[in-house]
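Chemist: Mind looking over this structure? Questions follow.
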Amino acid sequence: MHSRTRPFRLLGIAGVLGALLLTAGGTVAAAQPPPRPAAGPGTNHATDDPFTAPRTAWWRQGRFGLFLHFGAYSNLEGEYTRPDGTVCRNAEWIKRECRIPDEAYERQAATFNPSAFDAEAIVRAAKDAGQRYIVITAKHHDGYAMWPTKQNTWNLRDHSAFDPHRDILAELKKAADAAGIRLGFYYSIWDWHDPDFAAPETFPRYKKRMYGQLKELIDNYDPALLWFDGEWDTDHPANHWSRRDGADLQAYLHALNPRLVVNNRVGKREVVDGDFGTPEQEIPAEPVDGQLWESCMTLNDHWGFARYDSNWKSPATVLRNLLAVTSRGGNYLLNVGPDRLGRLPQPAVDRLRAAGRWLAADGRGAAVHGAGHTGLVAAPSWGAVSRQGNELYASVTSWPATGSALHLAARSPFAITAARVLGSSQQVKVTPSGDGFDLTPSGAAPDPLASVIRLTIRPPAAAPAGTGTGLTAQSWANDSFTGPPAVTTVDPTVNKSYRFDGSPDPKIPADHFSTRWTGSIQPRFDETYTFTTVSDDTVRLWIDGTLVIDNVTPHGPKADKGTVTLKAGHRHRIRIDHTEQAGEAYLKLLWSSPSQSQQIVPQRQLYAD
Ligand code: FHN
């Protein structure tokens, strides 16, 4: 079997003429250089609040995605027999963990022929599962690109036995668009194959090719999301990726496509990196401070296909995980590894379909799609509670014995005006009890996997939305608030991602500056609010003169939080002091309460006074 390589003489001509493209009329137009990202003093890279931005709405409301690990490693289906006859098992790490020599791995990749890859079947499986987005590995650590990249010949078009007229990412994009499913690409920064990756002096050449590949993916397939990986410090080969690299890449990507959603592995998984955190094979016990998050998990025990791995999670486990994640305000990205022909394993399809059937029945999908965390109640032991509008969805995985009650502890006074078991005509008695309510269903659980009681509530009273314009912001070109402020303005929100190069104003250098915000903050609920700051280097927060957050030890990107009871509609005094010494700089102010989901404090609730 041979691997195809492009006619390099054509590249030579193009090289001589520079990056020139023939337009439709045969005239020659200069290729558009990539847009230059905003940079330098006065730049704030935060363009919106991922918790509320239209840009992330599809992701936050979708809640449930399909992860696909598919690459040259899939061709081995999780097993490699060495020349000495010993058998080594691994999936997507098989080259490295089984110490397959480069030429042997390239030789096997040249036989890769996923001829049965059926994009419509894959999209249908995701849709039938109730998954609203798909993330497929465009390039994993082995460096093998699953699209016809022009940056090298180590890809499915130029180095395989696959039909050279097909493009599986284009096929998947077309099928996903037709089905209303968003498509994202996983991209590994760590690259075991690129000859320029390992040495620090050649790493810039690798980065140039990486930027070129990412621009190809964005230009040719318009992904809604980029899911980076392989950002961590490691060796074999040494990974020189830095936080500054991550900051530069984020700016570059958003200059190419401001709508793009990006995960935190674009940097180094800090709370300021990308739009969402990525806990892996685990579910955080409660909402994550300061950043959206998505739990990614395998459906069996491997990311890539392994023919011997039949340890599939049950539909009950998949649903419990999905309901737990949703109730804590997260997303669930569940992985399947297609086999060497590109097919989804039938046991995986069956389990995805079971989850989708449950979501599609009796309106239960509303407990997940568009739902999220509620602070109105304590997380129960018998299941999970999510909120959508004025409906609470009590998803019960431990149904009570007939006549016994489920207790729901309230964290703020609200009323339950109706209660209904979805998929059943049985009654639910709602009784005020202690710190909340007792819910007593009259019959048996209507569903063996999980049963949902929809509670219609009269939520705590809310003061009218504010009319604020933001806080007064004084900034100094020193990190000690010394002398008259260099700049005084009104900031609509406190949402600053200066990263390495930005600052509050073009007149203020990127290092050694300080900012003081003052004014008043107007809550809409009579509740205990949790204030979260995301800061670098230091932060102090006062509400009505009380110090609520005090972190004056210079630090890297960090979330701190404190609580204070506020009065609905009242304008509470607020002051925030932020100092930046050197390196990266951030300051974000978020709030949450039993009735208020976590967000950057919005402009209309801030007053400059
Ligand atoms: O090394 C990878 C692994 O192969 C897989 O892609 C997971 C999925 O997120 N990420 C890395 C391990 O954290």
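The values are calculated or read from the model by the stated rules, or taken from the named source; none is laboratory data. Everything numeric here is computed off the predicted structure, so don't read it as measured data. Glycine also receives a Cβ, built like all others from the backbone with ideal geometry; neighbour counts cover every protein chain displayed. For accessibility, only protein heavy atoms count, side chains too; no ligands or nucleic acids. Shrake-Rupley method; radii C 1.70, N 1.55, O 1.52, S 1.80 Å.
Chemist: Return yes or no: is Val272 more than 28 Å from Gly337 (Cβ to Cβ), touching a residue at least 24 places away in the same chain (Cβ under 8 Å) and part of a loop (DSSP other than H, G, I, E, B)?
Modeler: Working: more than 28 Å from Gly337 (Cβ to Cβ): yes; touching a residue at least 24 places away in the same chain (Cβ under 8 Å): yes; part of a loop (DSSP other than H, G, I, E, B): yes.
When the stated conditions are applied, Val272 passes them.
Chemist: If you check every pair at least six apart or on different chains, which have Cβ atoms under 7 Å apart with a residue in segment 232-259 that is without any contact (Cβ under 8 Å) to a residue 60 or more places away in the chain first and a residue that is within 16 Å of the ligand (Cβ to nearest atom) and part of a helix (DSSP H, G or I) second?
Modeler: So the pair list comes out as Gly246/Val266; Leu249/Val266.
Chemist: May I pose another question? For segment 428-477, which fully contained strands (runs of 3 or more DSSP E) count at least 3 residues that are among the aliphatic types (A, V, I, L, M)? Show your work before the answer.
Modeler: Working: elements: 428-433, 436-441, 451-458, 471-476.
In segment 428-477, the matching strands (runs of 3 or more DSSP E) lie at 451-458.
Chemist: Continuing with this model, one more query. Which of the following residues is in contact with a Lys or Arg (Cβ under 9 Å, 6 or more places away or on another chain), under 30 Å from Arg343 (Cβ atoms) and either open to solvent by less than 10 Å² (accessible area, probe 1.4 Å) or modelled with pLDDT of 95 or more (or both): Asp229, Asp289?
Modeler: Working: Asp289 fails: under 30 Å from Arg343 (Cβ atoms).
Exactly one of Asp229, Asp289 is in contact with a Lys or Arg (Cβ under 9 Å, 6 or more places away or on another chain), under 30 Å from Arg343 (Cβ atoms) and either open to solvent by less than 10 Å² (accessible area, probe 1.4 Å) or modelled with pLDDT of 95 or more (or both), namely Asp229.
Chemist: Give segment 327-358 a look and list any residue that's of a type in the set (Phe, Trp, Tyr) and part of a helix (DSSP H, G or I), or say none. Steps first, answer last, please.
Modeler: At the first step, the residues of segment 327-358 found to be of a type in the set (Phe, Trp, Tyr) are 332, 358.
Residue satisfying the conditions is Trp358 alone.
Chemist: Related question: Exactly one condition in (1) closer than 19 Å to Leu471 by Cα; (2) touching a Gly at 6+ places or on another chain (Cβ under 9 Å); (3) open to solvent by 10 Å² or more (accessible area, probe 1.4 Å) is not met by Glu584; state its number.
Modeler: (1)
Chemist: Identify all residues within segment 291-318 that are within 24 Å of Ser74 (Cβ to Cβ) and away from the ligand (no atom under 16 Å from the Cβ); write none if there are none.
Modeler: First pass over segment 291-318, keeping only residues within 24 Å of Ser74 (Cβ to Cβ): 294-313, 318.
Those that are within 24 Å of Ser74 (Cβ to Cβ) and away from the ligand (no atom under 16 Å from the Cβ): Arg307, Tyr308, Ser310, Asn311, Trp312, Val318.
Chemist: Within segment 142-156, can one find any residue that is open to solvent by less than 10 Å² (accessible area, probe 1.4 Å), under 30 Å from Ala355 (Cα atoms), touching a Leu at 6+ places or on another chain (Cβ under 8 Å) and touching a residue at least 40 places away in the same chain (Cβ under 8 Å)?
Modeler: yes
Chemist: Would you point out which residue out of Val452, Val494 is touching a residue at least 24 places away in the same chain (Cβ under 8 Å), aliphatic (A, V, I, L, M) and in contact with a Ser or Thr (Cβ under 6 Å, 6 or more places away or on another chain)?
Modeler: Working: Val494 fails: in contact with a Ser or Thr (Cβ under 6 Å, 6 or more places away or on another chain).
Going through Val452, Val494 in turn, just one is touching a residue at least 24 places away in the same chain (Cβ under 8 Å), aliphatic (A, V, I, L, M) and in contact with a Ser or Thr (Cβ under 6 Å, 6 or more places away or on another chain): Val452.
Chemist: Report, by residue number, each residue of segment 172-214 that is within 16 Å of the ligand (Cβ to nearest atom), out of contact with any helix residue (DSSP H, G or I) (no Cβ under 6 Å at 6 or more places or on another chain) and not aliphatic (A, V, I, L, M). It would help to see each step written out before you state the result.
Modeler: At the first step, the residues of segment 172-214 found to be within 16 Å of the ligand (Cβ to nearest atom) are 184-193, 197.
Those still in the list that are out of contact with any helix residue (DSSP H, G or I) (no Cβ under 6 Å at 6 or more places or on another chain) too: 184, 186-193.
Across segment 172-214, the qualifying residues are Gly184, Tyr186, Tyr187, Ser188, Trp190, Asp191, Trp192, His193.
Chemist: Continuing with this model, one more query. Identify the single condition in (1) in contact with a helix residue (DSSP H, G or I) (Cβ under 9 Å, 6 or more places away or on another chain); (2) surrounded by 23 or more Cβ atoms within 10 Å (Cβ to Cβ); (3) farther than 23 Å from Glu280 by Cβ that Pro338 does not satisfy, given that it satisfies every other one.
Modeler: (3)
Chemist: Taking the conditions exactly as written (surrounded by fewer than 19 Cβ atoms within 10 Å (Cβ to Cβ) and within 16 Å of the ligand (Cβ to nearest atom)), does Glu280 satisfy them or not? Even if it seems obvious, please write down each step before you answer.
Modeler: Numbers: surrounded by fewer than 19 Cβ atoms within 10 Å (Cβ to Cβ): yes; within 16 Å of the ligand (Cβ to nearest atom): yes.
Spelling it out, Glu280 is indeed surrounded by fewer than 19 Cβ atoms within 10 Å (Cβ to Cβ) and within 16 Å of the ligand (Cβ to nearest atom).
Chemist: Out of segment 221-237, which residues are of a type in the set (A, V, I, L, M, F, W, C) and either more than 14 Å from the ligand (Cβ to nearest atom) or in contact with a Cys (Cβ under 8 Å, 6 or more places away or on another chain) (or both)? Give the steps one after another, and end with the answer.
Modeler: Residues of segment 221-237 that are of a type in the set (A, V, I, L, M, F, W, C), as a first pass: 224-228, 232.
Selection gives Ala224 alone.
Chemist: Which residues, taken from segment 371-382, are touching a Phe, Trp or Tyr at 6+ places or on another chain (Cβ under 9 Å) and under 13 Å from Val325 (Cβ atoms)?
Modeler: Answer for segment 371-382, where residues must be touching a Phe, Trp or Tyr at 6+ places or on another chain (Cβ under 9 Å) and under 13 Å from Val325 (Cβ atoms): just Ala371.
Chemist: Taking Thr56 as the residue in question, decide whether it is β-branched (Val, Ile, Thr) and in a helix (DSSP H, G or I).
Modeler: On the way: β-branched (Val, Ile, Thr): yes; in a helix (DSSP H, G or I): yes.
Yes; evaluated as a whole, the condition is true for this residue.
Chemist: Within segment 555-567, is there a residue that is more than 23 Å from Thr482 (Cβ to Cβ), crowded, with 21+ Cβ neighbours inside 10 Å and under 25 Å from the mean Cα position of the chain (by Cα)? Break it down stepwise before answering.
Modeler: Going residue by residue through segment 555-567, those that are more than 23 Å from Thr482 (Cβ to Cβ) are 556-567.
Narrowing further to those that are crowded, with 21+ Cβ neighbours inside 10 Å: 557, 566.
If we keep only those that are under 25 Å from the mean Cα position of the chain (by Cα) as well, we get 557.
Looking for residues that are more than 23 Å from Thr482 (Cβ to Cβ), crowded, with 21+ Cβ neighbours inside 10 Å and under 25 Å from the mean Cα position of the chain (by Cα), one finds at least one in segment 555-567, hence yes.
Chemist: Does Arg604 count as free of Cβ contacts under 8 Å to residues at least 60 places away in the same chain and either in the same structural domain as Thr518 (by TED's automatic domain parsing) or in contact with a His (Cβ under 9 Å, 6 or more places away or on another chain) (or both)?
Modeler: When the stated conditions are applied, Arg604 does not pass them.
Chemist: Scan segment 319-326 and tell me whether some residue there is open to solvent by less than 10 Å² (accessible area, probe 1.4 Å), within 16 Å of the ligand (Cβ to nearest atom) and not in a strand (DSSP E or B).
Modeler: Yes, that holds for at least one residue.
Chemist: Only one residue in Gly329, Gly372 is at pLDDT 95 or above, away from the ligand (no atom under 16 Å from the Cβ) and not assigned by TED's automatic domain parsing to the domain that holds Glu120, so which one is that?
Modeler: On the way: Gly329 fails: not assigned by TED's automatic domain parsing to the domain that holds Glu120.
Exactly one of Gly329, Gly372 is at pLDDT 95 or above, away from the ligand (no atom under 16 Å from the Cβ) and not assigned by TED's automatic domain parsing to the domain that holds Glu120, namely Gly372.
Chemist: Against the condition open to solvent by less than 20 Å² (accessible area, probe 1.4 Å) and within 16 Å of the ligand (Cβ to nearest atom), how does Asn257 come out, does it pass?
Modeler: Values: open to solvent by less than 20 Å² (accessible area, probe 1.4 Å): yes; within 16 Å of the ligand (Cβ to nearest atom): no.
Judged against the criteria, Asn257 is not a match.
Chemist: Related question: Spot the failing condition for Thr417; the list is (1) part of a loop (DSSP other than H, G, I, E, B); (2) more than 22 Å from Ala445 (Cβ to Cβ); (3) not assigned by TED's automatic domain parsing to the domain that holds Glu280, and only one is missed.
Modeler: If we test Thr417 against (1) part of a loop (DSSP other than H, G, I, E, B); (2) more than 22 Å from Ala445 (Cβ to Cβ); (3) not assigned by TED's automatic domain parsing to the domain that holds Glu280, just (1) comes out false.
Chemist: If you don't mind, another one. So, in segment 476-502, of the ones that are within 13 Å of Asn44 (Cα to Cα) and of a type in the set (Asp, Glu), which residue ends up least open to solvent (accessible area, probe 1.4 Å)?
Modeler: The extreme case among them is Asp491.
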